[in-house]
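I have placed the structure first, in the form of structure tokens, so that the comments after it can refer back to it.
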Amino acid sequence: MFRNFTLMRYKEYNRDAVLEKAIRLFWQKGFNGCSINEIVKATGVNRFSLYHEFGNKEGILYASLELYRERYSKNKLDILKTSDGGLHETFIQFYTAFLENSHPMAGCYFIHVGTELADVDEQIRKSLSNYLNEIQLQIQDLLIRNNIDEKSKIYAKHFLGLFCTVMSFCLIHSPTEYREYVANGINIILPSYAESIKQ
Amino acid sequence: MPKVLNSSYDELIEKVQEIFWLKGFKGISIKELSSELDISQNVLYNKYSKEMLFLDSLNYYTNNYSDPFLKQLRETTEGLNSLKEFFYTLIDALINKTFPRSCLMVNTVVELRNENTDVVLKYDDYLTTLKDSYIVVLEKAYKLGQFKNKTKINEYADFLLGIIFSVSILYKIYTKEELRNYIEEQLTFIQ
């Protein structure tokens, strides 16, 4: 019993470590830009064990998205739930959580993988869709908590749009430009709110 | 016998830009390029470089797709309505997969970031032209009385600049109807 337990724990640790390496590799080189040999080299796990665990190269990608969601995007999305600052400040915090000092890299892995593969891989398209819907719902909740009930769904949709935009912009803009762009977007989507906080 | 190049450079670029558009820069190796283009790896290595082919593919894209499209936009006369039509055309192209894979410039930003200075110059140029074109149309919209706040033209143009990026993601999960609504609502923010 005990021995099995230790084995299991050991394997889980290994699995996540493999996926960590896979995230970085896919992120840097693209899914189609790296071969299974490169994955073997980067993870130090042989091809047989990788296929045994994940089925195929796609299986590694799907599992890496799950790990990213659990390990890296959950705490960023939680900002929308838990921040007790004002609405404007919460949005700034949320959008800047994906900036260059964020882990493991600037931007969002889902957007990155989705851009490359959502047109050709239905499973990727679905997980991108679930992910973006979750963000939109959390933004909507945040708006409602801030007494923006009317049209909260529409506003949430456009804050999601802003999210999609800035996930690309954060790759090419300096943090200052990025913050300005985000603030500009918030002010344009919610001008009445922007005016009220200036007073 | 290794194959030699038997078509002109322009014809080569026409072929290669489609491959990069579909697969990205890193998504295709020299070996695969060589077999798809039917040119020996030696020639690809010695006569050209992958980077050179990619940069000329970006040039091809601006010359043949984005520049004419944006010139048309700047010549429109209906202000925000012309912008709406412009974005509708973009949505149709994305949904119908008229092009290999969304927008080559957007793909390039996401894929290559700041890794290559020459590439950065290319997409910076593209984004500047795009924003300037939006400003031209917004000024017309202001003259038509479609929004009140003239001092905000620059901020609105920045905001609109985001649309090609958001739509390049959203078209993967929205229907055409939803995308059109998204555009209409975005334009209502210009007041």
Notebook entry, point to check: What is the residue count in the stretch B:81-104 for residues that are surrounded by fewer than 20 Cβ atoms within 10 Å (Cβ to Cβ), of a type outside the set (Val, Ile, Thr) and within 14 Å of another protein chain (Cβ to nearest Cβ)?
Noted result: 5
Margin query: As an exercise: evaluate A:Gly161 against (1) more than 17 Å from A:Thr96 (Cα to Cα); (2) facing chain B (nearest Cβ under 9 Å); (3) small (Gly, Ala, Ser) and give the number of the one condition it does not meet.
Written below: (1)
Notebook entry, point to check: If you go through the stretch B:56-69, how many residues are surrounded by fewer than 16 Cβ atoms within 10 Å (Cβ to Cβ) and either in contact (Cβ under 8 Å) with a residue 40 or more places away in the chain or basic (Lys, Arg) (or both)?
Noted result: 2
Check: Identify, please: which residue in the stretch A:146-158 is surrounded by fewer than 16 Cβ atoms within 10 Å (Cβ to Cβ) and over 24 Å from B:Tyr171 (Cβ atoms) and is, among those, farthest from the other protein chains (Cβ to nearest Cβ)?
Finding: A:Asn147
Margin query: Filter the stretch A:172-187 down to the residues that are out of contact with any His (no Cβ under 9 Å at 6 or more places or on another chain) and within 7 Å of chain B (Cβ to nearest Cβ) and list them by number.
Written below: A:Ile172, A:Asn184
Check: Does any residue in the stretch B:177-189 that is at the interface with another protein chain (Cβ under 9 Å from one of its Cβ atoms) come within less than 9 Å, Cβ to Cβ, of a residue that is of a type in the set (Ser, Thr, Tyr) six or more places away or on a different chain, and which pairs are these?
Finding: B:Asn181/B:Tyr174; B:Tyr182/B:Ser166; B:Tyr182/B:Tyr174; B:Gln186/B:Ser166; B:Phe189/B:Tyr156
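Every residue, every condition in (1) within 20 Å of B:Glu18 (Cα to Cα); (2) assigned to a loop (DSSP other than H, G, I, E, B); (3) within 14 Å of chain A (Cβ to nearest Cβ), yes or no:
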site: B:Leu33; (1), (2), (3): yes, no, yes
site: B:Phe54; (1), (2), (3): yes, no, yes
site: B:Tyr65; (1), (2), (3): yes, no, no
site: B:Val106; (1), (2), (3): yes, no, yes
site: B:Val109; (1), (2), (3): yes, no, yes
site: B:Asn114; (1), (2), (3): no, yes, yes
site: B:Tyr123; (1), (2), (3): yes, no, yes
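Inside the stretch B:155-166, can you point out the residues that are in contact (Cβ under 8 Å) with a residue 40 or more places away in the chain and within 8 Å of another protein chain (Cβ to nearest Cβ)?
Let us first name the residues in the stretch B:155-166 that are in contact (Cβ under 8 Å) with a residue 40 or more places away in the chain, namely B:160, B:163-165.
The answer is B:Ile163, B:Phe165.
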Checklist line | Filter result for A:Leu67 (touching a Leu at 6+ places or on another chain (Cβ under 8 Å) and at pLDDT 90 or above) | finding: yes
Margin query: On the basis of being among the β-branched types (Val, Ile, Thr), away from chain B (no Cβ under 11 Å) and either surrounded by fewer than 15 Cβ atoms within 10 Å (Cβ to Cβ) or in contact with a Lys or Arg (Cβ under 9 Å, 6 or more places away or on another chain) (or both), does A:Thr96 make the cut?
Written below: yes
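Hey, among the residues in the stretch B:1-22 that are of a type in the set (D, E, K, R) and either exposed (fewer than 14 other Cβ atoms within 10 Å of the Cβ) or under 15 Å from the mean Cα position of the chain (by Cα) (or both), which one's modelled with the highest pLDDT? Steps first, answer last, please.
Start the filter on the stretch B:1-22 by keeping residues that are of a type in the set (D, E, K, R), which leaves B:3, B:10-11, B:14-15, B:18.
Filter once more, keeping what is either exposed (fewer than 14 other Cβ atoms within 10 Å of the Cβ) or under 15 Å from the mean Cα position of the chain (by Cα) (or both): B:3, B:10-11, B:18.
Details: B:Lys3: 48, B:Asp10: 92, B:Glu11: 92, B:Glu18: 95.
Looking at residues that are of a type in the set (D, E, K, R) and either exposed (fewer than 14 other Cβ atoms within 10 Å of the Cβ) or under 15 Å from the mean Cα position of the chain (by Cα) (or both), I get B:Glu18.
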Next item on the list: Collect the residues in the stretch A:119-145 that are at the interface with another protein chain (Cβ under 10 Å from one of its Cβ atoms) and modelled with pLDDT under 95, keeping them in residue-number order.
Entry: A:Asp119, A:Val120
Check: Quick one: A:Asn14 ticks every box in (1) more than 14 Å from chain B (Cβ to nearest Cβ); (2) surrounded by 12 or more Cβ atoms within 10 Å (Cβ to Cβ); (3) modelled with pLDDT of 90 or more bar one, so which box is it?
Finding: (3)
Next item on the list: Having 2 or more residues that are over 30 Å from A:Ile188 (Cα atoms), touching a residue at least 40 places away in the same chain (Cβ under 8 Å) and under 12 Å from the mean Cα position of the chain (by Cα) is the bar; report the helices (runs of 4 or more DSSP H) wholly within the stretch A:31-113 that clear it.
Entry: A:57-68
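The values are calculated or read from the model by the stated rules, or taken from the named source; none is laboratory data. Everything numeric here is computed off the predicted structure, so don't read it as measured data. Note that each Cβ is placed from the backbone with ideal geometry, even for glycine, and that neighbours are counted across all protein chains shown.
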